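> Dropping a structure here in structure tokens format, bear with me for questions.
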Amino acid sequence: MKIGFHLQVGPRRWAELVAAAEESGFESVWLPEHLVMPVHMTGRPGSPHAGEPPISASTPAWDPFVQMAWLAAQTSTIRFGTNVFNIGLRHPFVTARALVTADLVSGGRVEFGIGASWLSEEWEAMELPFGTRGRRVDESIQVIRRLFSEEVVEHDGEFFHFQAVGFLPKPVHGSIRFHIGGDSSAAMRRAARLGDGWIPMAQGDPASVAAHVAEIARLRADAGRSGPFEVTLFRVPVESVDDVRRYEEAGATRLLVVPFDNPREGADALRRFGDEIIARL
């Protein structure tokens, strides 16, 4: 089981907390992302049409690829992921260039978590139709994968049209893993067809996780896909090694934790988590 740390604090503590996580045996650090924060917004992750939003216009946000590059220069082993990047809001060229640059300067330590988005007002601010987001995300994934693997790419799709182009450099290890975020049936189908992993946004007990993992395995088999596939859980309660083992038995391969409430106590809390749980796995 891989243990990651979800970094959602201000820049003043980034280096301190990531260094403590690396020293304590954490496999990765994952960074949230939004491009803009509309003043008026509705919806919640997993349900774009209901509920009070978990963020507001005053919520700070940063470019995750700049964060990765800065933190990579101060670390050596910990990996960096996005949880999750709103891939549909940018042209694939822009995303691919930032992603491969972060991968290069980190020595190939990047994981790419993406989502189709729950925040319709963010799409409206970008003058993009929210109703087409799923198809736009699928096409973006396909374009970026081709840019990373082919010498020359020409594309004529529903949303993107371009003449033959080259794209260098390629990712350090030849590819970058795409982890598809979301709890909907569409997100699970996307993970099975196009992803290297799945990141559900909602908490789930081990039984529900196991059922969803089995469903994705079936969908992957139907699509003729095999090979490694990661399941990264976020916001699940982890207070003991037994908790980790229960989710591992359910099919999870990575847990993302935030073992503190106060960032000022974060470094010590990460070290305790490393001593009491990671070291015993």
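> Tell me, please, whether a residue that is in a helix (DSSP H, G or I), out of contact with any Pro (no Cβ under 9 Å at 6 or more places or on another chain) and in contact (Cβ under 8 Å) with a residue 12 or more places away in the chain can be found in region 24-38. Before the answer, list the steps.
First pass over region 24-38, keeping only residues in a helix (DSSP H, G or I): none.
Looking for residues that are in a helix (DSSP H, G or I), out of contact with any Pro (no Cβ under 9 Å at 6 or more places or on another chain) and in contact (Cβ under 8 Å) with a residue 12 or more places away in the chain, one finds none in region 24-38, hence no.
> Related question: Name every residue in region 1-28 that is touching a Phe, Trp or Tyr at 6+ places or on another chain (Cβ under 8 Å) and among the polar types (S, T, N, Q), in order of residue number.
Residues satisfying the conditions are Ser24, Ser28.
> Pick from region 234-281 the residues that are small (Gly, Ala, Ser) and more than 16 Å from Glu16 (Cα to Cα): which of them is surrounded by the most Cβ atoms within 10 Å (Cβ to Cβ)? Talk me through it step by step, then tell me what you get.
Quick first cut of region 234-281, residues small (Gly, Ala, Ser) only: 240, 250-252, 266-267, 269, 274, 279.
Still in the list and also more than 16 Å from Glu16 (Cα to Cα): 240, 250-252, 279.
On the way: Ser240: 12, Ala250: 20, Gly251: 19, Ala252: 24, Ala279: 11.
Only one residue fits best here, namely Ala252.
> Something else about it: Those residues that are of a type in the set (Lys, Arg) and closer than 18 Å to Ser28 by Cα, I need them from region 188-245; list them, please. Step through it out loud before you land on a result.
Looking only at region 188-245, we keep the residues that are of a type in the set (Lys, Arg), and these are 189-190, 193, 218, 220, 225, 235, 245.
Arg235, the sole residue that qualifies.
> Could I ask something else about it? Looking only at region 176-201, count how many residues are surrounded by fewer than 14 Cβ atoms within 10 Å (Cβ to Cβ) and under 20 Å from Glu111 (Cα atoms).
0
> Just to confirm my filter: which helices (runs of 4 or more DSSP H) fall fully inside region 177-281 and include at least 3 residues that are in contact with a strand residue (DSSP E or B) (Cβ under 8 Å, 6 or more places away or on another chain)?
Passing ranges, in order: 185-194, 206-222.
> Would you check which residues across region 124-146 are among the hydrophobic types (A, V, I, L, M, F, W, C) and either assigned to a strand (DSSP E or B) or in contact with a Pro (Cβ under 7 Å, 6 or more places away or on another chain) (or both) and list them? Give the derivation first.
First, the residues of region 124-146 that are among the hydrophobic types (A, V, I, L, M, F, W, C): 125-126, 128, 130, 137, 141, 143-144.
If the condition is that a residue be among the hydrophobic types (A, V, I, L, M, F, W, C) and either assigned to a strand (DSSP E or B) or in contact with a Pro (Cβ under 7 Å, 6 or more places away or on another chain) (or both), then Ala125, Val143, Ile144 are the ones that fit.
> Something else about it: Does Val18 meet the test of being surrounded by 15 or more Cβ atoms within 10 Å (Cβ to Cβ), among the β-branched types (Val, Ile, Thr), in a helix (DSSP H, G or I) and in contact with a helix residue (DSSP H, G or I) (Cβ under 6 Å, 6 or more places away or on another chain)?
Working: surrounded by 15 or more Cβ atoms within 10 Å (Cβ to Cβ): yes; among the β-branched types (Val, Ile, Thr): yes; in a helix (DSSP H, G or I): yes; in contact with a helix residue (DSSP H, G or I) (Cβ under 6 Å, 6 or more places away or on another chain): yes.
The answer is yes for Val18.
> Taking the condition of being of a type outside the set (D, E, K, R), touching a strand residue (DSSP E or B) at 6+ places or on another chain (Cβ under 9 Å) and surrounded by fewer than 14 Cβ atoms within 10 Å (Cβ to Cβ), how many residues in region 143-167 meet it? Walk me through it before giving the result.
The first filter runs over region 143-167 and keeps only residues of a type outside the set (D, E, K, R), leaving 143-144, 147-149, 152-153, 155, 157, 159-167.
Okay, now just the ones that are also touching a strand residue (DSSP E or B) at 6+ places or on another chain (Cβ under 9 Å), so 143-144, 147, 152-153, 155, 161-167.
From the residues that got through so far, the ones that are surrounded by fewer than 14 Cβ atoms within 10 Å (Cβ to Cβ) too are 152, 161, 163-166.
The qualifying residues number 6.
> Residues in region 234-252: is at least one in contact (Cβ under 8 Å) with a residue 12 or more places away in the chain, hydroxyl-bearing (Ser, Thr, Tyr) and over 28 Å from Glu33 (Cα atoms)?
Yes; the residues of region 234-252 include at least one that is in contact (Cβ under 8 Å) with a residue 12 or more places away in the chain, hydroxyl-bearing (Ser, Thr, Tyr) and over 28 Å from Glu33 (Cα atoms).
> Here is a list: Val66, Val94, Val100. Which entry is β-branched (Val, Ile, Thr), farther than 15 Å from Lys170 by Cα and not in a loop (DSSP other than H, G, I, E, B)?
Numbers: Val94 fails: farther than 15 Å from Lys170 by Cα; Val100 fails: farther than 15 Å from Lys170 by Cα.
So the residue among Val66, Val94, Val100 that is β-branched (Val, Ile, Thr), farther than 15 Å from Lys170 by Cα and not in a loop (DSSP other than H, G, I, E, B) is Val66.
> Looking at region 182-194, is at least one residue out of contact with any helix residue (DSSP H, G or I) (no Cβ under 8 Å at 6 or more places or on another chain) and closer than 20 Å to Arg90 by Cβ? Lay out the reasoning, then the answer.
Step one: filter region 182-194 for residues out of contact with any helix residue (DSSP H, G or I) (no Cβ under 8 Å at 6 or more places or on another chain), giving 183-185, 187.
So of that shortlist, the ones also closer than 20 Å to Arg90 by Cβ come out as 187.
Within region 182-194, one or more residues are out of contact with any helix residue (DSSP H, G or I) (no Cβ under 8 Å at 6 or more places or on another chain) and closer than 20 Å to Arg90 by Cβ.
> Quick one: Gly46 ticks every box in (1) within 18 Å of the chain's Cα centre (by Cα); (2) crowded, with 16+ Cβ neighbours inside 10 Å; (3) at pLDDT 95 or above except a single one, so which number is it?
Unmet for Gly46, out of (1) within 18 Å of the chain's Cα centre (by Cα); (2) crowded, with 16+ Cβ neighbours inside 10 Å; (3) at pLDDT 95 or above: (3).
> What number goes with the only condition from (1) over 14 Å from the mean Cα position of the chain (by Cα); (2) farther than 17 Å from Gly115 by Cβ that Val29 does not pass?
(1)
The values are calculated or read from the model by the stated rules, or taken from the named source; none is laboratory data. These numbers were taken from a predicted model, which means no experiment stands behind them. Reconstructed Cβ throughout: ideal geometry from the backbone, glycine too, with neighbour counts over all protein chains shown.
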